[in-house]
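Below you'll find the structure, written out as structure tokens, and then a few comments.
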Amino acid sequence: MSKIYDIIIVGAGAAGVFTAINIKSFNPELNIAIIEKTSQALSKVKVSGGGRCNVTHACFEPKELIKFYPRGNKELLGPFHHFQPGDIINWFSEKGIELKIEDDGRMFPVTDSSQTIIDCFHSELKRLNIPILFQQKVEKINSENNEFRIITSSDKFICNKLVVTTGGFSKKEQYNFISELGISIVPPTPSLFTFNLPNNEILKLQGIATPVEIKLSDSKFEESGPLLITHWGMSGPAVLKLSSWAARWLHEKNYEFEFKINWLPSFNEEELKTTFEKWKQLHGAKKISNHFDFSIPKKLQTFLLNKANISEDTKWADINKQQLNNLTEILLSDTYHSKGKTTFKQEFVSCGGVKLSDVNFKTMESKNIQGLYFAGEVLDIDALTGGFNFQAAWTTGFIAAKSISED
Ligand SMILES: Cc1cc2nc3c(=O)[nH]c(=O)nc-3n(C[C@H](O)[C@H](O)[C@H](O)COP(=O)(O)OP(=O)(O)OC[C@H]3O[C@@H](n4cnc5c(N)ncnc54)[C@H](O)[C@@H]3O)c2cc1C
């Protein structure tokens with residue numbers, strides 16, 4: 001015998017639990033359940049933000065907020081006008097949970113513990129009498145006569161409205177239970193990773209961090225920000241942002257690509273050449289290494305001078321035009337060849353998922369199947385690090401909940 005509910009939510013992650021709580025808060029009459037394939041709810045929330053849960057980001061202007069979403073920016077503009085970081089801060093505050101802002105805008109519970117968020121959600125689920133049915137992996141969904149028939153690994157369910165919040169998957173086949181309904185899936189590819197530089201001399205400088213501009217050759221992708229040299233390649237915010245914006249392009253290149261670093265983002269070629277001419281006149285008799293007054297870490301300076309075939313002991317007056325041209329090129333457009341990628345601190349985010357043009361972002365309902373809704377990372381939405389991925393889950397979950405309960 002199939003178990004019957006008004007609404008079923010598939011997946012007890014951030015998006016699923018938040019959607020369920022809001023549906024029932026708006027409309028307590030509804031009989032709803034969450035189906036979860038594992039034996040635990042909110043497992044990603046638990047480990048998120050290094051165990052502190054970076055709930056959202058202190059960015060309250062929708063037009064600014066969407067700039068952090070390589071995929072989903074256009075579609076999220078409308079939803080952010082209805083539910084944005086200020087709203088999730090208030091939502092938690094009403095439940096007695098205060099969030100704090102860190103210097104870089106990331107927001108965490110004041111307790112610095114993701115358990116605070118999990119406890120809040122569990123107490124709401126209990127108060128509103130929303131069951132989570134564990135170890136029920138949804139394998140097949142049939143949609144006919146305005147109802148959904150769901151077959152899980154151990155049971156059968158029927159409902160009128162279905163919200164899919166199963167998060168992102170790394171393989172396209174894992175989306176089969178959704179695509180079999182006729183929903184288009186954008187193939188998943190990793191996002192947010194660091195660049196590998198096997199056997200590159202620069203790896204000897206591991207630990208050095210400096211602000212740069214970085215550009216992927218033969219593409220439009222470029223980013224600026226701190227760069228960190230690691231023992232396997234290059235990391236830091238500039239690289240992570242670039243990996244996210246260029247996720248699909250890099251995947252097509254099979255992660256073998258060329259990139260260029262501008263170690264002096266505040267200079268253009270002309271300014272740099274004028275500076276060199278000035279230093280040649282002022283410090284002609286002095287060693288270049290003693291009068292190389294850029295804010296680049298010393299070890300990196302030595303490395304870059306060597307790369308330009310200039311010994312540190314060379315006097316400014318003895319440097320010829322060719323050497324200065326080499327140095328200019330290396331400082332402003334230093335070329336590297338990357339082969340492979342490394343996941344950043346296990347914060348794996350996948351791009352890909354339910355095709356956004358198939359979803360109505362005023363309701364989060366499928367444009368093709370009435371009564372079928374999506375929220376969270378199952379959609380082809382992903383963001384940079386900083387609390388933006390959870391914010392997309394809260395926003396899409398809230399919109400789905402509001403639309404379902406008003407229907
Ligand atoms: C280590 C780590 C740290 C992170 N830290 C942050 C952070 O601090 N801030 C931030 O904004 N983002 C962070 N993220 C990203 C963030 O966790 C995700 O964007 C967010 O969890 C997405 O929520 P979701 O509910 O859509 O999916 P999920 O949290 O993945 O939940 C999906 C749920 O669906 C279940 N499910 C899947 N398939 C089925 C099925 N067939 N049947 C039944 N159930 C199923 C899963 O078991 C899971 O419980 C982090 C990610 C990782 C991996």
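The values are calculated or read from the model by the stated rules, or taken from the named source; none is laboratory data. Everything numeric in this text was worked out from a predicted model, so none of it was measured. No Cβ is skipped: glycine too gets one built from the backbone with ideal geometry, and neighbour counts run over all protein chains shown. These accessible areas exclude ligands, DNA and RNA; they are computed on the full protein's heavy atoms, side chains included. Shrake-Rupley method; radii C 1.70, N 1.55, O 1.52, S 1.80 Å.
A few points about this structure:
- The number of residues in the range 180-206 being open to solvent by 60 Å² or more (accessible area, probe 1.4 Å) and not basic (Lys, Arg) comes to 6.
- Here the range 382-398 is the region considered, the condition is being open to solvent by 10 Å² or more (accessible area, probe 1.4 Å) and more than 9 Å from the ligand (Cβ to nearest atom), and the residue that is farthest from the chain's Cα centre (by Cα) is Phe398.
- With respect to the conditions (1) in contact with a Leu (Cβ under 8 Å, 6 or more places away or on another chain); (2) more than 28 Å from Asn90 (Cβ to Cβ); (3) open to solvent by 10 Å² or more (accessible area, probe 1.4 Å), Ser357 falls short on a single one, namely (1).
- Matching residues in the range 355-407 - criterion: being part of a helix (DSSP H, G or I) and aromatic (Phe, Trp, Tyr): Phe388, Phe390, Trp394, Phe398
- Filter pass, Thr342 being outside any loop (DSSP other than H, G, I, E, B), within 16 Å of the ligand (Cβ to nearest atom) and in the same structural domain as Leu197 (by TED's automatic domain parsing): yes
- Residue, farthest from the ligand (Cβ to nearest atom), within the range 4-32, restricted to residues that are surrounded by fewer than 24 Cβ atoms within 10 Å (Cβ to Cβ) and polar (S, T, N, Q): Asn27
Residue-wise test of (1) free of Cβ contacts under 8 Å to residues at least 60 places away in the same chain; (2) buried (at least 18 other Cβ atoms within 10 Å of the Cβ).
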{"site": "Asn73", "(1), (2)": "yes, no"}
{"site": "Met107", "(1), (2)": "no, yes"}
{"site": "Ser113", "(1), (2)": "no, no"}
{"site": "Arg127", "(1), (2)": "yes, no"}
{"site": "Lys140", "(1), (2)": "yes, no"}
{"site": "Glu144", "(1), (2)": "yes, no"}
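- Per-region count, the range 230-278, residues in a helix (DSSP H, G or I) and over 24 Å from Asn73 (Cα atoms): 10
- Listed by position, the helices (runs of 4 or more DSSP H) inside the range 40-94 whose residues that are in contact with a Pro (Cβ under 7 Å, 6 or more places away or on another chain) and not assigned by TED's automatic domain parsing to the domain that holds Trp249 number at least 2 are 73-82.
- Strands (runs of 3 or more DSSP E) completely within the range 97-178 that count 2 or more residues being in contact with a helix residue (DSSP H, G or I) (Cβ under 7 Å, 6 or more places away or on another chain): 106-109, 138-144, 156-164
- Any hit, the range 84-102, residues being in contact (Cβ under 8 Å) with a residue 60 or more places away in the chain and basic (Lys, Arg): no
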